[in-house]
1. Any idea what the relative contact order of region 255-334 is, in percent, if you count C-alpha pairs under 8 Å spaced at least 6 apart?
2. Rank Leu187, Leu271 by accessible area, highest first, at a 1.4 Å probe radius?
3. Expressed as a rounded percentage, what relative contact order does the chain have, with Cα pairs under 8 Å and six or more residues apart?
4. Farthest toward the dipole's positive end in the chain, which of Pro255, Leu271, Leu237, given Cβ charges of +1 (Lys, Arg) and -1 (Asp, Glu) about the Cα centre?
5. Label Leu227 and Ser2 with points 7 Å out from Cα along Cα→Cβ: what is the distance between them in nm?
6. Of all accessible surface on the chain at a 1.4 Å probe, what whole percent is carbon and sulfur?
7. Between Gln351 and Ala432, what is 0.36 nm times their sequence separation minus the Cα-Cα distance? Round to one decimal in nm.
8. Considering only protein heavy atoms, what is the solvent-accessible area of Ile235 at a probe of 1.4 Å, reported in Å² to the nearest 10?
Amino acid sequence: MSPAIGYTALVLVALSTVLIGIYGLRISRTTGDFYVASRTVRPWWNASAIGGEYLSAASFLGVAGLILISGVDALWFPIGYTAGYLMLLLFVAAPLRRSGAYTIPDFAQARLDSLLVRRVTSLLVVVIGWLYIVPQLHGAALTVRVTTGLPAWAGPLAVVVVVCLSVVTGGMRSITFVQAFQYWLKLTALAVPVVFMLVRLGDAGLPVTGGGSAFTADLDTTADAPLYGTISLVIALLFGTLGLPHVLVRFYTNPDGASARRTTLIVLGLLSVFYLFPTVYGILGRIHTPELAAAGAADATVLLLPGRILGGVSGDVLSALVTAGAFAAFLSTTSGLVVSLAGVVSQEFFQGSVRGFRAAALLSAAVPLGIALLTDSLALAGSVGSVFAFTASTICPLLLLGIWWRGLTDAGAIAGMLAGALSCGGAIAAAALTGAGEQWVWLSQPALWTVPTAFLTMVLVSRATAGRRPASTSRVLARLHTPEPR
């Protein structure tokens with residue numbers, strides 16, 4: 001693909017994002033607008049925005065790359081990413097909306113009447129957000145390098161600049177418009193090239209073996225994936241979705257609990273449609289670009305396939321469309337994370353004002369930018385999977401037990417979150433430092449034992465400290481589970 005086409009695609013997405021953000025500024029005037037869009041976002045609009053921010057670099061690029069490398073075993077990623085929303089629908093969406101909170105730490109303090117719980121939750125939310133932003137910036141580095149030839153640092157820098165402009169100008173209301181637009185852009189950017197590629201392959205009668213015979217050894221996946229690793233991955237994806245701060249904050253923007261449930265149902269449909277297309281890219285990649293696996297560039301499959309199969313002007317145009325969709329993925333997920341982090345940081349350190357929100361947004365984006373520039377990109381879906389495992393071991397137990405078990409205490413919540421954070425974080429760090437592979441899968445995929453550790457610790461410590469149960473427990477739980485009057 002010509003670098004000029006890559007530049008054009010990136011510039012158009014960046015400009016459209018900033019312009020939509022500026023439009024949001026016109027109607028973002030109050031603190032409620034900046035934090036939760038004044039709780040007036042309707043289900044279809046909110047569902048599109050959730051799809052926009054949830055479908056990250058791991059979904060747009062990483063899933064196809066993993067299918068290229070691992071075949072059918074990688075299908076657990078899109079299945080888990082989507083099924084997590086069913087868990088969200090059943091257990092969290094409506095009660096969380098009824099809590100009336102702005103952020104997850106707000107919910108934790110209201111539920112347990114403890115400032116220390118709020119502080120610990122805030123710290124974990126910030127860590128999770130930063131860990132999740134870094135893969136988005138790595139994906140931007142890969143996309144810019146492949147499509148334009150610019151240095152890798154240009155991609156992360158461009159994403160952070162555009163995101164900060166959008167978030168600082170209009171907050172949550174502005175980002176809602178941006179992310180809803182970006183979901184449909186991402187879906188179009190994957191779907192249209194797939195149609196043209198399949199038509200081209202059908203008309204030409206091209207052999208399905210492509211150039212793959214030379215790389216048979218590299219793509220040999222005849223051995224089944226370890227049962228432990230598969231179960232652990234599914235647990236991480238299912239339970240991790242329940243604790244993602246940028247996803248949960250979206251449910252605070254619905255008018256009521258019923259709208260939150262309808263939003264989640266629509267999201268399930270939108271995600272199910274979207275994940276059909278990365279799967280097709282992964283299958284086509286195994287046939288037509290198998291050399292990317294040997295070169296360690298599997299995450300570039302989506303970017304390179306249209307040019308490889310179609311070629312010529314049509315290949316360039318569709319490659320530009322895919323590039324635009326990829327850049328939209330980095331922007332939308334990063335903006336959602338920055339909004340959620342800015343809400344937490346501003347309330348903890350800047351008195352929750354609009355000016356504080358803007359300062360917190362800049363800080364929330366600057367730290368992961370520094371980390372991304374100092375580190376190398378890993379497999380995108382795999383690195384995001386580690387974040388899901390950490391979230392499932394920390395925030396998820398707090399939410400599920402806080403919503404559904406009246407016996408939870410502040411001491412139990414803190415002990416459980418710290419136990420999950422230390423065990424899961426320690427395992428992931430040890431796996432990264434030692435290069436642990438299949439022989440140490442319990443380190444690289446720790447959710448199967450760290451999630452039960454967090455839940456069990458939270459329950460046992462809460463029972464041992466039953467006298468610390470807040471006096472307001474019954475009143476708060478009644479609010480969480482009583483449907484709003486129509």
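1. On the way: 34 pairs, mean separation 15.1, N = 80.
Averaging sequence separation for qualifying contacts and normalising by length gives 19 percent for region 255-334.
2. Values: Leu187 25, Leu271 0 Å².
Most to least solvent-accessible, the answer reads Leu187, Leu271.
3. Numbers: 901 pairs, mean separation 145.9, N = 486.
This gives 30 percent for the chain.
4. The residue sitting most towards the positive pole is Pro255.
5. Placing both labels 7 Å beyond Cα along the Cβ direction yields 5.7 nm.
6. Result for the chain: 69 percent of the exposed heavy-atom area is carbon or sulfur.
7. Details: separation 81, 0.36 × 81 = 29.16 nm, distance 3.76 nm.
Extra length from Gln351 to Ala432 when fully extended: 25.4 nm.
8. Estimated to the nearest 10 Å², Ile235 gives 40 Å².
The values are calculated or read from the model by the stated rules, or taken from the named source; none is laboratory data. Small disclaimer: the values here were computed from a predicted structure and weren't measured. Positions of Cβ are generated from backbone atoms using ideal geometry, with glycine treated the same way; all protein chains shown enter the neighbour counts. With ligands, DNA and RNA removed, areas are computed over all heavy atoms of the protein, side chains included. Shrake-Rupley method; radii C 1.70, N 1.55, O 1.52, S 1.80 Å.
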